[in-house]
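See structure below.
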Amino acid sequence: MSDQDDHDPTTGSGEEQKHDPTGLGLAQSIARSIGAQARRRRRGARRERVDPQSSGARPDARDPQLLSDVVDRLVESKGWVTDINVHTLLARWALLVGPVNAGHSKPEAYEDSVLTVRTDSSAWATQFRMMAPQLVAMLNEQLGDGTITKIKILGPDAPSWKKGRLSVRDGRGPRDTYG
């Protein structure tokens, strides 16, 4: 056997390289080449990312921010404060007016700082109309001054005579002789 037959094909030493059927030597050389390229890229990227301004002892915009502060700034910049206050009102109606009042009323709409509330009886509608000024003051205290300027109180919906499959669509039908 000659010296050429004894050399290791993975090291690349020797005058002639033998064929490696596993491809291990080729894979190792490719991995070394890729690793060197990646290291060069990382070194170059580090140099590019250097910020000329150094960090100081006082907080600045690059410091981590509290999520609540960031969300508050977003809500204010987009003008969503009133919408969020109204949705808060709808979600916390029972907490704001009390469980007894909330059991007989529900907020239906909010438009141009006017809150519309529907009650389940005319007696509760009268009660809410009497306490409307105090309710406006209390809701503005909770939701922000000027959010609600007026409360429109509605009684229950009128009963419908359109029941059943044989109801009359137009006019009063058989009831038109009443009165």
_Quick check: net charge around residue 151, other residues with Cβ under 14 Å of its Cβ, Lys/Arg +1 and Asp/Glu -1?_
+2
*Count the net charge of all other residues whose Cβ sits under 13 Å from the Cβ of residue 119, scoring Lys and Arg as +1 and Asp and Glu as -1.*
+1
*Using a simple spin-label model with points 7 Å from Cα along the Cα→Cβ vector, what separation in nm is obtained for residue 31 and residue 69?*
4.7 nm
*Burial order of peptide ranges 25-37, 62-74, 136-148 (average beta-carbon count within 10 Å, highest first)*: 136-148, 25-37, 62-74
*Work from the charge dipole of region 70-129 (Cβ charges, +1 for Lys and Arg, -1 for Asp and Glu, about the Cα centre) and give the residue of 79, 125, 107 farthest towards its positive end.*
125
*Quick one: net charge of residue 72's neighbours, Cβ under 15 Å, K/R +1, D/E -1?*
-1
*At a Förster distance of 41 Å, what's the computed FRET efficiency of residue 120 paired with residue 84, Cβ-Cβ distance as r, to 0.05?*
0.90
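We did not get these values from a lab; they are worked out from the coordinates using the rules stated. Fair warning: this is a prediction, and the values are worked out from it, not measured in the lab. Neighbour counts are summed over all protein chains in view; Cβ atoms, including those assigned to glycine, are modelled from backbone coordinates with ideal geometry.
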